[in-house]
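Novice: Sharing a structure, written as structure tokens. Questions coming.
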Amino acid sequence: MSKQDTAKPVRAGCLATTALTLLCAAPAHAQDVPSFNTYGGPGLIDMPSAHMAPDATLTTSASHSAGTTRSSLTFQILPRLSGTFRYSSIEGLTPPTYTRSTYYDRSFDLRYQIITETALRPAVTIGLQDFIGTGLYGGEYIVASKNIGTRLSVTGGLGWGRLGSYNAIGATGNRPAEVLGLGGVPTYDRWFRGDVAPFAGLSYKVTDRLTFKAEYSSDAYVNEASYNIVTHDSPFNFGLDYRLKGGGQLSVYSVHGNEFGAMLSFHINPKQGALAGGAETAPVPVSVRAKGPRDLGWASNPAAKSGTASELSVALQRDGLAYEGLDLRANSATLRMVNTRYGADAQAVGRAARVMSRVLPASVETFVIVPVVNGVASGAVTIQRSDLEQLENAPADDLLARAKFSDGYNLTPGADAGIYPRLNWSLSPYFSMSFFDPDSPVRASAGLRLQGQFYLQPNLVLSGALTKKLAGNQDKSTLAVASTLPKVRTDYARYNREGDPAIEHLTLTHFGRPGRNLYSRVSAGYLEEMYAGVSGELLWKPVDSRLALGAELNYVKQRDFDQMFGLQSYDVLMGHVSAYYDFGNGFHGQLDVGRYLAGDIGATVSLDREFANGWRVGAYATVTDVPFDDFGEGSFDKGVRVTVPLEWAIGRPSKKTNTINIRSLTRDGGAQLNLNDRLYEKVRTTHRPDLAKEWGRVWR
Amino acid sequence: MAMIRTIAITALAAVALSGCGNDAGNNDMKSVLVGIKERGLKVGGNGTQAAPDTAGMVAGTSGPLRLVAFEKDGAVAGIQQIETNGAYRTFATADRRTVTFKHGVVTATRGLGNDLMSANVDGVLPLIRGRKAGSATRIMRYLNGENTTDVMQFNCTVTPGASGMVANGQVRARAQTVTEQCQSDGQSFTASYQVTDKGEIVASRQWMSIGRGMADIKVLRR
């Protein structure tokens with residue numbers, strides 16, 4: 001769950017997941033995904049179409065022709081809105097002051113379908129291409145597409161900017177040429193201005209797998225032509241798409257009348273997992289009590305009580321739930337447990353409740369189940385045993401309506417003697433990747449990681465991780481980033497180079513509950529790869545609330561490049577206050593305001609689309625008081641991130657998730673501390689809004 | 001190139017699976033490959049057995065026993081009753097996969113993949129058990145890939161047919177074939193039941209889910 005810095009390693013699991021995502025992704029409905037163009041969005045060859053992919057489709061694609069390679073990630077944010085992040089390289093494009101032989105560029109697109117297609121009218125979409133960036137691919141369009149029958153689709157539109165560069169039919173004002181700031185700022189002063197040119201095309205499905213495409217392109221490739229990278233002989237481009245078995249698209253095409261190109265794209269959809277409902281074995285069924293008077297003799301017999309607790313412990317263990325304590329009374333029982341297996345806490349609660357129905361004496365009517373988080377009580381779920389008996393074969397919502405959600409503060413038993421102290425450790429291979437180094441856009445290394453957590457108490461943990469590189473080229477990066485700010489993040493290449501072996505982190509962390517609805521954390525030690533110090537956090541989050549508020553204060557010193565015990569002289573007092581809000585419609589927002597690592601003051605806004613299965617796709621931006629000129633290329637920090645739950649990819653229960661964080665550039669402005677144990681994401685999992693989303697799993 | 005990368009990534013994924021330690025949260029990486037293998041989940045059997053050893057199953061067990069065979073992958077398993085809840089009876093395989101019935105009609109499965117989470121068959125049950133012609137609705141609920149619940153509502157037509165003898169395991173009974181044709185948006189199936197004059201379903205062919213398809217179920221011991 002930890003935030004990954006792009007220029008920093010993206011960890012092993014992520015890669016495994018990414019690969020598995022490609023291997024396992026269910027191809028269902030792949031036939032509904034429209035043809036994609038070389039920019040990685042729905043379209044013909046170079047030109048866009050008005051079609052949209054099915055909601056939540058996530059597409060990765062790579063295209064190459066005439067020295068130009070475009071890799072892109074496109075997400076269908078809403079049924080009518082999609083966004084694209086693209087990383088391009090153009091061999092031979094060497095603008096003045098640019099010293100490399102290949103030009104690298106990052107760009108973002110947005111497209112919105114203003115009119116949906118019906119039997120009679122076409123779909124109409126407006127798009128902004130490369131709308132925050134240096135504007136290399138900058139262009140806007142309005143395009144209409146119409147399916148005619150089941151095989152033919154025709155498209156026509158008007159383009160501005162790059163898409164208005166061939167045979168313009170008019171102009172709408174003047175289009176400024178200079179870049180705002182140092183790139184990376186919305187180029188709003190250019191949108192729909194300047195020359196406007198028409199484009200058109202069609203696609204025809206020859207068979208279910210093979211589609212023929214032709215287009216008249218309004219892009220003259222002016223820039224590329226001026227560097228002799230492209231000779232623009234013809235505006236007519238032709239292509240063939242081949243739909244792969246797994247739902248991917250392989251395309252070949254001819255462009256400019258003299259070049260050939262190829263493209264590969266893969267579509268996955270967070271809504272379509274490896275195996276709906278999961279492959280894990282069945283839960284134990286509810287044991288229904290016989291009618292009649294309930295014996296209470298056991299309640300005054302300590303031996304019977306402790307026998308019940310140990311029986312419960314063994315039964316829970318079979319379901320991957322760690323028993324920690326039980327407050328057993330004549331008519332009620334409160335269970336303290338740790339969910340070590342299920343991505344959905346609702347499933348853990350449902351399994352625990354059924355186990356309790358089989359083990360606890362018949363007089364116990366009220367079950368209170370507390371899945372502890374970070375060793376402290378968070379949300380507690382109360383289920384009446386009679387409801388469990390009655391509703392086992394009813395829709396899950398019926399039980400949701402009767403379950404009660406409350407704060408487990410002060411009502412949760414402590415952990416039984418003998419469970420703590422406890423050591424968890426593992427030695428495993430790791431794999432890490434970094435992107436966007438112009439000398440080698442993808443770097444990777446592999447090695448071993450020894451990591452462990454020693455729980456002195458349930459909520460007091462000494463945690464550490466040590467890595468040793470075995471192979472890879474991440475340490476070969478000599479990229480030196482010029483910065484006028486304190487170099488709080490831009491020395492990443494040097495950390496990679498010299499940190500072998502490296503102590504990734506070594507911390508002592510205490511989690512607490514200072515009061516109702518309040519959660520706390522204090523960490524000290526080597527907090528992350530580049531910083532050591534102390535960090536404190538306080539979170540307010542009522543169990544029923546979609547809103548949470550937090551505050552974090554850190555005093556940190558920069559670590560030595562070798563990532564051992566030494567420290568450098570740079571230190572900073574930083575922190576922020578945060579507001580978190582679950583909009584309840586699948587979107588989640590976060591606002592952080594405070595002081596960042598370089599001492600700059602500003603705010604981070606994040607918006608994520610969240611799925612009940614744990615998938616998240618989001619974007620964030622940080623603007624601080626660092627002037628764009630001092631920030632450097634990109635002007636301010638921003639990026640996109642994708643979280644993939646392992647459970648989704650493999651169809652078996654797992655709490656593991658992997659986050660890929662693609663940030664346009666790693667700079668020193670707006671840089672955040674990469675803490676492992678921020679409270680909110682863990683605390684919220686046992687609260688009502690999160691449990692309700694995934695409540696269908698309670699009976700799984 | 002992409003192929004090479006895929007292979008390389010797969011190899012790395014495999015490497016990431018090995019490792020040691022006592023950390024449950026970390027070791028679950030090991031389940032990745034197992035998970036892939038189990039995608040084509042088989043419930044007992046190897047999919048090729050033509051005639052399962054029902055006599056052996058009957059002799060080696062006690063209590064209510066049924067045989068379930070999945071048409072899609074040929075998996076066959078004996079299932080034993082492990083629990084009842086009112087009219088619902090839950091049967092399990094030896095490897096902890098369950099099927100729940102209400103008077104012989106499947107209302108839930110667990111551990112089969114694409115599980116039927118719950119069903120309301122109260123409309124069709126009296127028709128089937130009463131061997132009467134008629135129409136009724138049935139509701140079947142599933143978890144989708146997003147972890148939310150998909151509700152499928154079917155309109156079903158029940159038609160009684162021919163009678164004959166049914167003999168499976170320790171069950172020998174005269175039964176009438178009752179078919180149930182069900183239709184919803186984009187999905188349809190035809191189930192059939194062998195129903196005795198007492199309204200007991202002694203054998204059936206029922207639809208489980210889009211992923212699982214049809215299953216043949218025989219009562220071997222009541």
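Novice: When segment B:86-109 is examined, which residues are found to be outside any strand (DSSP E or B) and not hydroxyl-bearing (Ser, Thr, Tyr)?
Specialist: Correct list: B:GLY86, B:ALA87, B:ALA94, B:ASP95, B:ARG96, B:ARG97, B:HIS103, B:GLY104.
Novice: Another one. Exactly one of (1) within 14 Å of another protein chain (Cβ to nearest Cβ); (2) over 30 Å from B:THR93 (Cα atoms) is unmet by A:THR231. Its number?
Specialist: (1)
Novice: Mind listing just one residue for me: the one in segment A:99-124 that is assigned to a strand (DSSP E or B) and β-branched (Val, Ile, Thr) and, of those, surrounded by the fewest Cβ atoms within 10 Å (Cβ to Cβ)?
Specialist: A:ILE114
Novice: Among the residues of segment A:278-295 satisfying the criterion of being touching a Pro at 6+ places or on another chain (Cβ under 8 Å) and of a type outside the set (Asp, Glu), which is farthest from B:THR148 (Cα to Cα)?
Specialist: This residue is A:ARG294.
Novice: Can you tell me which condition B:GLN170 does not meet? The list is (1) surrounded by 17 or more Cβ atoms within 10 Å (Cβ to Cβ); (2) polar (S, T, N, Q); (3) under 23 Å from B:ALA69 (Cβ atoms); (4) touching a helix residue (DSSP H, G or I) at 6+ places or on another chain (Cβ under 7 Å), and all the others hold.
Specialist: B:GLN170 satisfies all of (1) surrounded by 17 or more Cβ atoms within 10 Å (Cβ to Cβ); (2) polar (S, T, N, Q); (3) under 23 Å from B:ALA69 (Cβ atoms); (4) touching a helix residue (DSSP H, G or I) at 6+ places or on another chain (Cβ under 7 Å) except (1).
Novice: I'd like to verify a number: residues in segment A:207-226 that are touching a residue at least 12 places away in the same chain (Cβ under 8 Å) and open to solvent by 70 Å² or more (accessible area, probe 1.4 Å), how many?
Specialist: Selection size over segment A:207-226: 4.
Novice: Further question: Among the strands (runs of 3 or more DSSP E) contained in segment A:482-563, which hold 3 or more residues that are under 22 Å from A:TYR455 (Cβ atoms)?
Specialist: Output list reads A:502-515, A:518-526, A:531-540.
Matching residues to (1) among the hydrophobic types (A, V, I, L, M, F, W, C); (2) in contact with a Phe, Trp or Tyr (Cβ under 9 Å, 6 or more places away or on another chain):
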{"position": "B:TYR88", "(1), (2)": "no, yes"}
{"position": "B:PHE101", "(1), (2)": "yes, yes"}
{"position": "B:ALA119", "(1), (2)": "yes, no"}
{"position": "B:PRO126", "(1), (2)": "no, no"}
{"position": "B:LEU143", "(1), (2)": "yes, no"}
{"position": "B:THR149", "(1), (2)": "no, yes"}
{"position": "B:GLY161", "(1), (2)": "no, no"}
{"position": "B:ARG174", "(1), (2)": "no, no"}
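Novice: On to the next question. Do the conditions hold for B:SER204, that is, is it among the polar types (S, T, N, Q), part of a strand (DSSP E or B) and touching a residue at least 60 places away in the same chain (Cβ under 8 Å)?
Specialist: Yes: the conditions hold for B:SER204.
Novice: Here's a follow-up. Out of segment A:386-427, which residues are touching a helix residue (DSSP H, G or I) at 6+ places or on another chain (Cβ under 6 Å) and more than 9 Å from chain B (Cβ to nearest Cβ)?
Specialist: Selection gives A:ASP387, A:LEU388, A:LEU391, A:ASP398, A:LEU399, A:LEU400, A:ARG402, A:PHE405.
Novice: Taking the condition among the charged types (D, E, K, R), farther than 26 Å from A:GLY273 by Cβ and modelled with pLDDT of 90 or more, does B:GLU83 pass?
Specialist: Yes.
Novice: Further question on the same structure: State all residues of segment B:132-179 that are within 14 Å of chain A (Cβ to nearest Cβ) and part of a strand (DSSP E or B); if no residue qualifies, say none.
Specialist: The answer is B:ARG138, B:ILE139, B:MET140, B:ARG141, B:TYR142, B:LEU143, B:THR149, B:ASP150, B:VAL151, B:MET152, B:GLN153.
Novice: Only one of these is in contact (Cβ under 8 Å) with a residue 12 or more places away in the chain, open to solvent by 30 Å² or more (accessible area, probe 1.4 Å), of a type outside the set (A, V, I, L, M) and more than 13 Å from chain B (Cβ to nearest Cβ): A:THR366, A:THR308. Name it.
Specialist: A:THR366
Novice: Whether any residue in segment A:450-459 is in contact with a strand residue (DSSP E or B) (Cβ under 6 Å, 6 or more places away or on another chain), assigned to a loop (DSSP other than H, G, I, E, B) and more than 14 Å from chain B (Cβ to nearest Cβ) is what I want to check.
Specialist: Taking every residue of segment A:450-459 in turn, at least one turns out to be in contact with a strand residue (DSSP E or B) (Cβ under 6 Å, 6 or more places away or on another chain), assigned to a loop (DSSP other than H, G, I, E, B) and more than 14 Å from chain B (Cβ to nearest Cβ).
Novice: So, A:GLY277, is that one at the interface with chain B (Cβ under 7 Å from one of its Cβ atoms), within 42 Å of the chain's Cα centre (by Cα) and small (Gly, Ala, Ser) or not?
Specialist: Against the criterion (at the interface with chain B (Cβ under 7 Å from one of its Cβ atoms), within 42 Å of the chain's Cα centre (by Cα) and small (Gly, Ala, Ser)), A:GLY277 qualifies.
Novice: Checking the condition of a type in the set (D, E, K, R), away from every other protein chain (no Cβ under 11 Å) and closer than 30 Å to B:ALA59 by Cα, which residue from B:ARG96, B:ARG110, B:ARG129 passes?
Specialist: Answer to the selection: B:ARG129.
Novice: Please determine, by comparing only the residues of segment A:127-168 that are over 23 Å from A:PHE85 (Cβ atoms) and basic (Lys, Arg), which one is modelled with the highest pLDDT.
Specialist: A:LYS146
Novice: Still on this structure: Identify all residues within segment A:671-700 that are within 14 Å of chain B (Cβ to nearest Cβ), crowded, with 24+ Cβ neighbours inside 10 Å and assigned to a helix (DSSP H, G or I); write none if there are none.
Specialist: Of everything in segment A:671-700, those that are within 14 Å of chain B (Cβ to nearest Cβ), crowded, with 24+ Cβ neighbours inside 10 Å and assigned to a helix (DSSP H, G or I) turn out to be A:LEU691, A:TRP695, A:GLY696, A:ARG697, A:VAL698, A:TRP699.
Novice: Can you list the strands (runs of 3 or more DSSP E) found entirely within segment A:584-670 that contain at least 3 residues being more than 14 Å from chain B (Cβ to nearest Cβ) and without any contact (Cβ under 8 Å) to a residue 60 or more places away in the chain?
Specialist: Because the criterion is at least 3 residues that are more than 14 Å from chain B (Cβ to nearest Cβ) and without any contact (Cβ under 8 Å) to a residue 60 or more places away in the chain, the strands (runs of 3 or more DSSP E) in segment A:584-670 that meet it are A:587-595, A:601-610, A:616-624.
Novice: Hey, can you tell me all the residues within segment B:107-140 that are under 24 Å from A:ARG652 (Cβ atoms) and open to solvent by less than 30 Å² (accessible area, probe 1.4 Å)?
Specialist: Of everything in segment B:107-140, those that are under 24 Å from A:ARG652 (Cβ atoms) and open to solvent by less than 30 Å² (accessible area, probe 1.4 Å) turn out to be B:ALA108, B:THR109, B:ARG110, B:GLY111, B:LEU112, B:GLY113, B:ASP115, B:LEU116, B:MET117, B:SER118, B:MET140.
Novice: Identify all residues within segment A:588-616 that are open to solvent by 20 Å² or more (accessible area, probe 1.4 Å) and closer than 23 Å to A:THR685 by Cα; write none if there are none.
Specialist: Correct list: A:GLN590, A:LEU591, A:VAL605, A:LEU607, A:ARG609, A:GLU610, A:GLY614, A:ARG616.
The values are calculated or read from the model by the stated rules, or taken from the named source; none is laboratory data. Quantities reported herein were computed from a predicted structural model and do not represent experimental measurements. FYI the Cβ positions are ideal-geometry reconstructions off the backbone, even for glycines, and counts take in every protein chain you see. When the accessible area is computed, the model is the full protein with side chains, heavy atoms only, and any ligands, DNA or RNA have been set aside. Shrake-Rupley method; radii C 1.70, N 1.55, O 1.52, S 1.80 Å.
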